[in-house]
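K.L.:
Pasting a structure here, questions to come.
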Amino acid sequence: MLPGDALAVSEEFLPGKNAYDADGTIRALLMGTPVRDLAQREVGVKPVVVAKLPTVGDVVTGQIETAQSSVSNLKIYYVNGAPTSAGFVGLIFLREERGGGRGMRRTQVKLGDIVRAKVISTVNAMIHLSIGEPHLGVIATLCSNCGSPLSDEGGRARCNNCGNQEDRKFADDFGRQPIQP
Ligand SMILES: [Zn+2]
């Protein structure tokens, strides 16, 4: 329902919440879902709850949807521990970290990883995320070899099934079950 949409004719229904009578037609005052109260013969509108964009400092948890060398997309399922179905996607820009003098780029996140991140900017409604702090980063992941869950082994993720080892930017509680968004 959009504002102004017809809900009923006024011979059948009275205007309920967020509805009005305009020359014999009951119309919606707000965007939302029509609600009919047959006992009271009222029709009203339940307003759409507009999801609030996460703000700077919020901690979000989600799953990596796309992972490229410089930026990854995180589909957000939790904001500050509360579930959201708004479908927000945040961007994690990956720093080039040179480790051990070998000039190798460290893999920070991979496709499918469950990641906890902090909102650092929302300029132009783009949610920029950071995973730099100890409690941020990958909290659960599957072996890219065999698909088994990986467990923490001294800062590296190890597959108990096939022995594969993987490198990530892990959160300090990586491998703990159940995961805490
Ligand atoms: Zn494996």
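The values are calculated or read from the model by the stated rules, or taken from the named source; none is laboratory data. Only a predicted model underlies this, so the values are computations on that prediction, with no experimental measurement involved. All Cβ positions, even for glycine, are placed from backbone atoms using ideal geometry, and neighbour counts span all protein chains on display.
K.L.:
Which of the residues that make up region 115-162 are closer than 16 Å to Val71 by Cα and either of a type in the set (A, V, I, L, M) or within 16 Å of the ligand (Cβ to nearest atom) (or both)?
P.N.:
Within region 115-162, Val115, Ala117, Val119, Ile120, Met126, Ile127, Leu129, Ile131, Val138 meet the criteria.
K.L.:
For region 1-20, name all the residues that are outside any loop (DSSP other than H, G, I, E, B), within 13 Å of Val45 (Cα to Cα) and not hydroxyl-bearing (Ser, Thr, Tyr).
P.N.:
Step one: of region 1-20, the residues outside any loop (DSSP other than H, G, I, E, B) are 6-9, 14-15, 19-20.
When the remaining residues are screened for being within 13 Å of Val45 (Cα to Cα), the result is 6-8, 14-15, 19-20.
Selection gives Ala6, Leu7, Ala8, Leu14, Pro15, Ala19.
K.L.:
Would you check if Ala67 is in contact with a Lys or Arg (Cβ under 9 Å, 6 or more places away or on another chain), surrounded by 11 or more Cβ atoms within 10 Å (Cβ to Cβ), farther than 14 Å from Asn18 by Cα and modelled with pLDDT under 95?
P.N.:
Working: in contact with a Lys or Arg (Cβ under 9 Å, 6 or more places away or on another chain): yes; surrounded by 11 or more Cβ atoms within 10 Å (Cβ to Cβ): yes; farther than 14 Å from Asn18 by Cα: yes; modelled with pLDDT under 95: yes.
Answer is yes for this residue.
K.L.:
If a residue counts only when it is crowded, with 18+ Cβ neighbours inside 10 Å and without any contact (Cβ under 8 Å) to a residue 24 or more places away in the chain, which strands (runs of 3 or more DSSP E) contained entirely in region 128-181 have at least 1 such residues?
P.N.:
Values: elements: 137-140, 150-153, 156-159.
Once the strands (runs of 3 or more DSSP E) in region 128-181 are filtered for at least 1 residues that are crowded, with 18+ Cβ neighbours inside 10 Å and without any contact (Cβ under 8 Å) to a residue 24 or more places away in the chain, what remains is 156-159.
K.L.:
Restricting region 43-60 to residues that are assigned to a loop (DSSP other than H, G, I, E, B) and among the small types (Gly, Ala, Ser), which is nearest to the chain's Cα centre (by Cα)? Lay out the reasoning, then the answer.
P.N.:
So the first thing to find is which residues in region 43-60 are assigned to a loop (DSSP other than H, G, I, E, B), and the list is 48-58.
Retained after the next criterion (residues that are among the small types (Gly, Ala, Ser)): 51, 57.
Working: Ala51: 11, Gly57: 15 Å.
Applying the filter and picking the extreme gives Ala51.
K.L.:
Ok, one more. Return the residue satisfying two criteria in turn: it lies in region 163-179 and is under 17 Å from Tyr78 (Cβ atoms) and at pLDDT below 90, and of such residues it is farthest from the ligand (Cβ to nearest atom).
P.N.:
Residues of region 163-179 that are under 17 Å from Tyr78 (Cβ atoms), as a first pass: 171, 173-174, 176-179.
Add one more test, that the residue is at pLDDT below 90, and what stays is 176-179.
Details: Arg176: 19, Gln177: 17, Pro178: 21, Ile179: 19 Å.
The residue in question is Pro178.
K.L.:
Against the conditions (1) at pLDDT 90 or above; (2) away from the ligand (no atom under 16 Å from the Cβ); (3) surrounded by fewer than 16 Cβ atoms within 10 Å (Cβ to Cβ), where does Arg95 fall short? Just the number, please.
P.N.:
All conditions pass for Arg95, except number (1).
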